[in-house]
Each structure stands twice: as C-alpha cells, then as structure tokens.
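J.: Can you read through this structure? Questions will come right after.
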Amino acid sequence: MKKILVEVDRCSGCRLCEMICSFSHENLFGSSISRITVLKEDIFGLDLPIVCWHCISCSAMEACPVEAFERGEEGLVFVNEEKCTGCGKCLETCIIGAVRLHPERNTPLICDQCGGKPLCVERCPTKALTYIETERQQPKLANQIFEETLRRWGIIA
Amino acid sequence: MPKYYGYVGRILRINLTKNQVKIQPIEKSLITRFLGGRGFNSKRIYDEIPKGVDPLSPQNKLMFATGPLVGTAFPLGARFNVTAKSPLTGILGDSNAGGHFAAEMKFAGCDQIILEGKSRNQVYISIEDQEIQTKDAEHLVGKDVYETTETIRKDLGDRKVQVATIGPAAENNVLYAGIFANLARPAARTGMGTVMASKNLKAVALKGTGSIKIADPRRFWKIVEETEEETYVHPQYWPRRVMGTTRILMLADKLGILPTRHFTSATFEHAAKVSGERLAREYNVKNRACFSCIVPCSRVYVIREGEYAGLCGEGPEYEALSSFTARVGNSDLSLALKAVDLANRLGLDAITTGECIAWAMELYEKGELTRKEADGLELRWGNGEAILTLIKKIACREGFGDLIADGVRRASEKLGKGKRIALHVKGLEIIQADPRGLKGYGLGYAIASRGADHLRSEPFIELSDDPEKGMEMFGIPEATLRLAHKGKGKLVRYFENWCAIVDSLEVCKNLAENMELLPFKRAAEIAEATTGFHFTEEAMFEIGERIINLERAYLVREGIRRNDDYLPARFLKEPIPDGNSKGAIFEIEPMLNEYYAERGWDSKTGIPKAEKLRKLNLAYIIEDLKENGIKMK
C-alpha cells in the first residue's frame, strides 16, 4: 500500500507539514492538533516527521481496550470516535509514537492520508516527504534512523 | 479575554520578586497602532521603564514578543523580539531570533511575556498552556546553553519543549550575553541575556496545545501561495538554500567592504578559504529552517578531520563567521566554527565578541597593548589559540577577558587606550560591513535605535548599484549607489520603516525584505487576512514610522542627541585602503541633515518635532518629554 515516507537528510524541520495538516483537518493552525509531528534533535540538527505507518499489525489497535481502532478498505487505520474513551493506551503502545490525543476532544489523531492525496507531501518545501507504494511492513524507529544518519555523516563510528 | 484572529490575545506579566503571574488582554488599539513583536515591546519599554533605571536592577523589564503571522503556515519564518534597557549601551536593548520558540509561544498561549522584578533564587519559567510555573534552577547554574536546553527538556519530560536560555557568560555578567533558542539561534545583541541573568532567571521553557485562527482563510491561502510561487523562482532562493547568509562573505570581499583585521583592510586574501562556498562544499550535511519557512537557509555542518573533528552544529551565519575569520585575520575555517560553537555554548554575542578581540589585536599589533596586559597571550592577527582562549576568558571574566567583557566602549575607556579605534555607535559594536563602502548601511548604523546595527534598516537595494532604482523609488539616482552620499536619508527612512513592520509582524528580514517578498502592500494584505483588522499599505508605512519615532523618543529621554549619531573616526577620516571601494570615506554631516529632515526631526538636536509626534498619534510622548525637561520644536 501507499505510505508517507521521509528522507531524513532532506527534512529541514520547518514543521510546515504540521501546519498544513492541522489546518486541512481542523481549520486551525496548531502543532498539537496535527496528525504529523516533527521529532527534532537540535544538537545534531536532525529532523524527522513522524506519521502513522498504518502497520499490518498495529500495536495501538491491539492495545485499545474498547476496539475503537478499525481498518478501512484501503488498509488505513482509523479511530471510531464513538467507541473511543480517550484512555490514551494507543499513545503508549504505538511503536513509532505516531499517535497523539486531540487536546480538547481527547481522541487519537491518526493520519488519513488526506483521502489519497496527502497535503503535507504535496506542500513539503524540501520534498523530504514522498507518498509511494512500499512493500515494507514495519516502519523504522526514530532512534535507528538517527543513528544511521549520524554514522553516514561521520559523527559516530 | 478577547479572542482574536492571528493573535492569542494574551500578555503574561510575570513578577519574579513576588512570584506572581498576571494575564492581561491585548487591546485592539495596541494591535492597530503597533502590530506586534518589536512594536509591542518598544511601546512598553517607553511606557514602563522610566528614565534612568539601572539596566541590571529589578526595575528593568525583560520582554519577549511575537507577531500575528507566527504559528501559522505563512512561509516567512517565525521570529520573536527580546527587549529591555540594555546594560551594554544604556539605551534601548533589543534583539530578535528565529527557530521554533516564537511559534511555541503562541501555542502556549501568549503574544508577549513581560518579566519584572528579580527572583530570590535561581529559577527558570515553565509555561504550558494555563500552567505557568517558576521552577528551581540551582542545578542549571553554570551550565552552558546546550546543557541547559537538554537538561530542561529532560526535566520536563518532553523533547518538543522550546527553551530560550542564557549561558555562563550572562551569569558572569558579561554585558553582551544573549538569549539562545534552539541552541544556536540567539537573540544575541545588546545584552538581553545579561538582563535575564540579573533577574536570577536562567531560561524560559514553553510548550502548548493552543491553536491560531485565521480571519479570512481563503484570502490568507491565496497570499501564501502567491508568496511561495515568488520564493521558489527567486534568484536568491538557491544561493540562500546552499549557503544562507554565509554567501555574503565572498560578495563583501569582492565589493571591498569585508571588515578585515579590524577594518584596517576591506578585502581578505584568505576569503575563499573561509567562505560560505567552502563551508557548503566541505562541511555542510543538510539544511534546517525556522518554523513554517520554505527557505531552509540554515545549515548543519560537520567537521570531519583535524583538531576539531567530530564537532557539528547548526550555522553559522555570516556575521559570526566573518567575526571569527576576516575581522580577526583568521584563515582557518574549522577554528572559526569552533569559535562560533564556543561563543554559542557560553552564550555570547558573536559580533561584539569579535569586535572586542579584533580591537585588542589591533592594539597589540601596533604595540599599544603589551603581552603582559593581555595575560601573556600573543594577540597577533589570526592567532587561533588566542581567539579561543579569549572567548573563554571573556565568558568567565578572567584577567584581560574581564576588561573586554564590558564591550569595546567601556574597555577602551578603562584601559585608557584605543578609544579612537573602538568601533561602536552608542556602545553597540559595528557589524561585518564597512560603512565607507556602503553609505546607506553606514547611516543606518549611525542612527539605529539600538546602536550600530544593520538590521534596523538594511537598505540592501544599495548593493544593486542601479541608479534607476533610486530614481524610481526616491527620485534620486544616487540613493541606490552604494558609494554615493546623496539620497540616503530618504533611503534609510524608507527601509527603517519597512524593517520595523517586518520585526513587528515577526517574519524574517532575509525573505521579507532582502528578497522583497513582503513589501508594504503585501504586509497589509496578509495582516488583514490573518487578523481581520483593516490595514492598508499607507497604514503599514505609518506604523513603521510610529515605531521608529517612539524608539527615538525613548533614546532622547535617556539623553541621546545628534552628537551621538556618529560613526567612529576611522570611517570618517581614514579612506578604505584597498579593494573595490578603495579611497572611500564616510561624510556623515550631509547625510544626517538629510535624514533628520526626512524624519521631521530637529536637525540641531535629533529630537523628533512635536508636530511629527502629534501626526503619529503619539501626543502623550510630547507631554512626557516635556516633563522630563526636554525642549522640543
């Protein structure tokens, strides 16, 4: 299936993706209401957008005590807000930390790929985000990506 | 609390003496007359810090402010101003920084933070939406900028917390210590970090779940798209993306305005070795950007070999790079990166630090400063070891470093030597462009409200050397010729007003002004679409004019007059010795006369005329200045 992939060296960490996402879904600009969030390590200048990978085996879905996590036809994970109690279990269990709760509604914010045309990808100023078919089942963890990058830059051996 | 579009609508007033927080609304009239950011801060410093307050006393106030476009998708970056009375200059202290702190201020629920009084213990402030706390900072005392930022993020358990902090230089009362956001993004100038330290305040940490509403989204997005289109095809887009401002080093060398060996030369024979081009080719690994910005002009470098192998970080920009290369005669790029890193970690203003070192080196080279006076350091041009040692000595006020930790004006007075070559205006050290070869910039240094600085006017158009532009904009062809003196009053007034708007909307001057992406007209349009308040091109120009006049009135109340609006003798009496501006000298009198006339200020005294202030709706200032015994025309 198609996924939003990140090329970490290209990401400038501007977080415009967060603004595009929050506005297109909520009509407001806010980092906490975005479904994509940029992880930063200022000390090395690393930036990494984190967004739901819609894993085949979704640990947040498994952990949800009220089965509010469902999967659509395209294989996308989404949340049935009527079932959700806002317990936050999904937050703790998502392996890449892609789930956050809406600060007011208290329900999980999960990337919906804008219905097949993700705006964050379209408007990314450095083309760090791409939306393509991939065979890979599991996402790489942020720490692993950071480590690989620092090795490539020659900062760690 | 009024809920505005664009703005949060809240001011946090934190009294550190009483450990008390007040939340105040922002009045509509403040918005329509002063816009935000620098405008808000300047208005408040005039109104709330009376004449004669000691900058390092609890009576001084430290203010952070940001603007209406920040924390949205408007693509020109997101900045904040920090303002207080300056301990370095004794007048308006003000500095501005980018990164991600400003946007978080808005998400955390404030447009402006006013810090008053002085805490009894060492503290930092943590703001998380409605929760505003002073937290113990004993464990952070003496920690550098990087360690402090990391520790606070760990303490608060969130890597996304935005931190603005001071380093040891501020704690040791170095008069030009800055406030650093995102580690290497300082509001560096005029000693704002020193003021923060005087309040026993180590840092401000922010995090928030708030969001910003737009008044007219359709119009907002139209302007955003228009601006984006222009940006991507702009001839400066790629050079800025590759080199950021470091591209200026070679340009300045070519024009013969690169301050070399403390302005004794205007070209540097090793310029290529320390250039932005070389940095991009051999050191840079990726780009970074401020919040929401589509020009990622900041770069991450890695040193792969030599003594400093393994060092990496964000930056530097032209000012810091040039400060530790050409200005001090150093041709070792890795050493310059190390020097900038050190200055950042210790929390110093790289421009002033560079001037202090270069000043000492010139004295030493001329035999006017002995090795003994300089703590045994051999202060020869380009002595890298001495440069690094001096940076550390300044930060801990040790030996000779203690003397120059007061800035070059006080140091020269105390030493009783080198007063003539102390390169500052009103106590603020001059930046990295030779005013003799850039007359508009030079006039800008002379009259800027925070002392010698280009960011108050930055009349970049002068670099075009295109007389047709001068004719078109000001009816004077010489206005845009860099070596000409005529028309610069008009030029600088226009650009000062523009910069005041850019600083008050808190967008990036490189994009908004240098790349001309936010002319007055578009500034009015985007402000209107975002906030819902009515703004016109003319109104924007007038707001800029109002801010400049208000800041001038503040300076006047503190005793500044025409005779303070001068450049150091070097620029007025010694012609540029080499390069493409060879022979150029700065004739200040006619330029000041023209400028005051354009401004509507009394040309004898440099005091704004009453009529001018009245026109700008600043009548209350006339009364106040009168009460302070100031005679006005």
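The values are calculated or read from the model by the stated rules, or taken from the named source; none is laboratory data. Here the structure is a predicted model, which is why all the values come from computation and not from measurement. Every residue, glycine among them, receives a Cβ derived from its backbone with ideal geometry; neighbour counts consider all protein chains shown.
J.: Yes or no: B:VAL82 within 19 Å of the chain's Cα centre (by Cα), modelled with pLDDT of 95 or more and among the aliphatic types (A, V, I, L, M)?
T.: yes
J.: Oh, and also: Which ones in region B:197-222 are on the phi < 0 side of the Ramachandran plot, assigned to a loop (DSSP other than H, G, I, E, B) and away from chain A (no Cβ under 14 Å)?
T.: Answer for region B:197-222, where residues must be on the phi < 0 side of the Ramachandran plot, assigned to a loop (DSSP other than H, G, I, E, B) and away from chain A (no Cβ under 14 Å): just B:LYS199.
J.: Among what's in region A:105-114 and is among the polar types (S, T, N, Q) and either in a loop (DSSP other than H, G, I, E, B) or exposed (fewer than 15 other Cβ atoms within 10 Å of the Cβ) (or both), pick the residue that is farthest from the other protein chains (Cβ to nearest Cβ).
T.: A:THR107
J.: Let me ask something else about it. Given the conditions (1) farther than 30 Å from B:TYR5 by Cβ; (2) touching a residue at least 40 places away in the same chain (Cβ under 8 Å), and given that A:GLU70 satisfies all but one, which numbered condition is not satisfied?
T.: Result: A:GLU70 passes all but (2).
J.: Turning to a different aspect of this structure: Given the criteria within 14 Å of chain B (Cβ to nearest Cβ), within 28 Å of B:PHE291 (Cβ to Cβ), touching a residue at least 60 places away in the same chain (Cβ under 8 Å) and not acidic (Asp, Glu), does A:ILE50 qualify?
T.: So A:ILE50 fits the description; yes.
J.: Give the residue, chosen from A:CYS17, A:CYS11, that is of a type outside the set (Lys, Arg), in a helix (DSSP H, G or I) and within 14 Å of chain B (Cβ to nearest Cβ).
T.: A:CYS17
J.: Mind checking which residues of region A:46-75 are of a type in the set (A, V, I, L, M) and modelled with pLDDT under 95?
T.: A:ILE56 - this is the single residue of region A:46-75 that is of a type in the set (A, V, I, L, M) and modelled with pLDDT under 95.
J.: Mind checking which residues of region B:99-112 are assigned to a loop (DSSP other than H, G, I, E, B) and within 11 Å of chain A (Cβ to nearest Cβ)?
T.: Of everything in region B:99-112, those that are assigned to a loop (DSSP other than H, G, I, E, B) and within 11 Å of chain A (Cβ to nearest Cβ) turn out to be B:GLY99, B:HIS100, B:ALA108.
J.: OK, next. Consider B:ALA433 against the criteria (1) under 17 Å from B:LEU88 (Cα atoms); (2) at pLDDT 95 or above: it satisfies all of them except one. Which criterion is unmet?
T.: Failed condition: (1).
J.: Still on this structure: When only residues in region B:283-301 that are aromatic (Phe, Trp, Tyr) and over 14 Å from A:PRO125 (Cα atoms) count, which is farthest from the other protein chains (Cβ to nearest Cβ)?
T.: Checked region B:283-301; the qualifying residue farthest from the other protein chains (Cβ to nearest Cβ) is B:TYR283.
J.: Name the helices (runs of 4 or more DSSP H) wholly within region B:530-621 that hold at least 1 residues that are under 25 Å from the mean Cα position of the chain (by Cα) and either without any contact (Cβ under 8 Å) to a residue 12 or more places away in the chain or under 20 Å from B:ARG33 (Cα atoms) (or both)?
T.: Fully inside region B:530-621 and qualifying: B:537-557, B:588-599.
J.: Quick check on my filter: what residues within region B:41-64 are assigned to a strand (DSSP E or B) and free of Cβ contacts under 8 Å to residues at least 60 places away in the same chain?
T.: B:MET63, the sole residue that qualifies.
The rows are residues; the columns are (1) of a type outside the set (A, V, I, L, M, F, W, C); (2) away from chain B (no Cβ under 14 Å); (3) touching a residue at least 12 places away in the same chain (Cβ under 8 Å).
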{"residue": "A:ASN27", "(1), (2), (3)": "yes, no, no"}
{"residue": "A:ILE36", "(1), (2), (3)": "no, no, yes"}
{"residue": "A:GLU41", "(1), (2), (3)": "yes, no, yes"}
{"residue": "A:SER59", "(1), (2), (3)": "yes, yes, yes"}
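J.: Within region B:269-290, take every residue that is under 23 Å from the mean Cα position of the chain (by Cα) and of a type outside the set (Ser, Thr, Tyr) and give me the one that is nearest to B:GLU506 (Cα to Cα).
T.: B:CYS290
J.: All but one of (1) outside any loop (DSSP other than H, G, I, E, B); (2) in contact with a helix residue (DSSP H, G or I) (Cβ under 9 Å, 6 or more places away or on another chain); (3) under 28 Å from B:THR148 (Cβ atoms) hold for A:ILE43, so report the exception by its number.
T.: The single condition A:ILE43 does not satisfy is (1).
Okay, residues lined up against (1) β-branched (Val, Ile, Thr); (2) closer than 23 Å to B:VAL502 by Cα:
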{"position": "B:ILE431", "(1), (2)": "yes, yes"}
{"position": "B:GLY451", "(1), (2)": "no, yes"}
{"position": "B:GLU468", "(1), (2)": "no, no"}
{"position": "B:LYS488", "(1), (2)": "no, yes"}
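Residues are listed down the side, and each one gets a yes or a no for (1) within 14 Å of chain B (Cβ to nearest Cβ); (2) under 29 Å from B:SER298 (Cα atoms); (3) of a type in the set (A, V, I, L, M):
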position: A:GLY72; (1), (2), (3): no, no, no
position: A:VAL99; (1), (2), (3): no, no, yes
position: A:PRO103; (1), (2), (3): yes, no, no
position: A:GLY116; (1), (2), (3): no, no, no
position: A:THR126; (1), (2), (3): yes, yes, no
position: A:GLN137; (1), (2), (3): no, no, no
position: A:THR149; (1), (2), (3): yes, yes, no
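J.: From B:GLY109, B:GLY98, B:GLY77, B:GLY71, which residue is assigned by TED's automatic domain parsing to the domain that holds B:ARG189, modelled with pLDDT under 95 and more than 24 Å from B:GLU545 (Cβ to Cβ)?
T.: It is B:GLY77.
J.: In region B:270-289, what residues are under 30 Å from A:CYS17 (Cβ atoms) and either at pLDDT below 95 or part of a helix (DSSP H, G or I) (or both)?
T.: Those that are under 30 Å from A:CYS17 (Cβ atoms) and either at pLDDT below 95 or part of a helix (DSSP H, G or I) (or both): B:GLY276, B:LEU279, B:ALA280, B:ARG281.
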